[in-house]
Amino acid sequence: MSSIEICLTHEQLENYQHKDKNVVVIDVLRATSTINTILFSGAKSVMPVETLDECMKLRDQGYIIMAERMGKKVEGFDFGNSPTKIKKSEFEGKDVGIATSNGTKAIVKTKGSHITLIGSFLNLSKIIEYINNSNNDVLLVCSGWKGSTNLEDTLCAGAIVAGLQNFEYDSDTVIIAKKLYEQSKGDILSLMQKSSHAKRLSGYDNVKDIEFCSQVDTQEILPFFDKEKIRLL
Ligand code: MLT
């Protein structure tokens, strides 16, 4: 029987075994929701990078460049990290580079996995379907916020666990995430609105991003990280 484990912040990833596992990176507010929306809007690829300098250099290669720090768009980049700013007319057929505070760092760290999937509520069922159909151990990597566990990523990890069949686990983080989801699945948005990052984003007039990222199964896509770029499987 395959196993499932949850890492609650990307800084803790060194304490987990991710090599050769099916890894799902989760950053609901907003990196993985935004990356999925970019690909759902027809972009060719999304390159996650750790630093602003790496991202800026991609402009000369014709990439759309996006960067966020502390929830805000970084001066000098084409976009920040808001999924509600993504327009098909601007992104279709394009290569995109993105650097965010936590989510893109989490993705880059998972090199060596069997496969790294990009998970959010938007493509929840596609993630669950893939995991259930592949006989491999799974590690869910929540991005968190600057080393701290966050509510929305843990909730999404719990939603994935709740949909799995024939998986075993010996992990308190899996129990915590699953219980959190079971208590809140009726109203994901109102729980997300209580999160520290939702409050931070609301202060920057990003309220609609929170509603957008709480939608379930509106994007039937399966983005995966091929160690350099993220594309659709
Ligand atoms: C992150 O990478 O920590 C988040 O995506 C930040 C954000 O977009 O607000």
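Report yes if some residue within region 218-229 is part of a helix (DSSP H, G or I) and exposed (fewer than 15 other Cβ atoms within 10 Å of the Cβ); otherwise report no.
No, region 218-229 contains no residue that is part of a helix (DSSP H, G or I) and exposed (fewer than 15 other Cβ atoms within 10 Å of the Cβ).
Table: residues versus (1) open to solvent by less than 20 Å² (accessible area, probe 1.4 Å); (2) of a type in the set (A, V, I, L, M).
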| site | (1), (2) |
| --- | --- |
| Val25 | yes, yes |
| Thr32 | yes, no |
| Ile38 | yes, yes |
| Ala43 | yes, yes |
| Met47 | no, yes |
| Glu50 | no, no |
| Asp53 | no, no |
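Please count how many residues of region 103-112 are under 19 Å from His197 (Cβ atoms) and either modelled with pLDDT under 95 or open to solvent by 70 Å² or more (accessible area, probe 1.4 Å) (or both). Break it down stepwise before answering.
First, the residues of region 103-112 that are under 19 Å from His197 (Cβ atoms): 103-107.
Now narrow it down to the ones that are either modelled with pLDDT under 95 or open to solvent by 70 Å² or more (accessible area, probe 1.4 Å) (or both): none.
Here the count works out to 0.
Can you find even one residue in region 114-121 that is within 13 Å of the ligand (Cβ to nearest atom), within 10 Å of the chain's Cα centre (by Cα), crowded, with 19+ Cβ neighbours inside 10 Å and among the hydrophobic types (A, V, I, L, M, F, W, C)?
yes
Of everything in region 66-100, what is assigned to a loop (DSSP other than H, G, I, E, B), small (Gly, Ala, Ser), modelled with pLDDT of 95 or more and near the ligand (Cβ under 10 Å from one of its atoms)? Give them in sequence order.
Answer for region 66-100, where residues must be assigned to a loop (DSSP other than H, G, I, E, B), small (Gly, Ala, Ser), modelled with pLDDT of 95 or more and near the ligand (Cβ under 10 Å from one of its atoms): Gly80, Ser82.
I'm told Ser184 meets every condition in (1) open to solvent by 20 Å² or more (accessible area, probe 1.4 Å); (2) away from the ligand (no atom under 16 Å from the Cβ) except one. Can you identify the failing condition by its number?
Every listed condition holds for Ser184 apart from (1).
The values are calculated or read from the model by the stated rules, or taken from the named source; none is laboratory data. Treat the numbers as computed from the prediction; the structure is a model and nothing was measured. Note: ideal-geometry Cβ built from the backbone for every residue, glycine included; neighbour counts use all protein chains shown. The accessibility values were calculated without ligands, DNA or RNA, using every heavy atom of the protein model including side chains. Shrake-Rupley method; radii C 1.70, N 1.55, O 1.52, S 1.80 Å.
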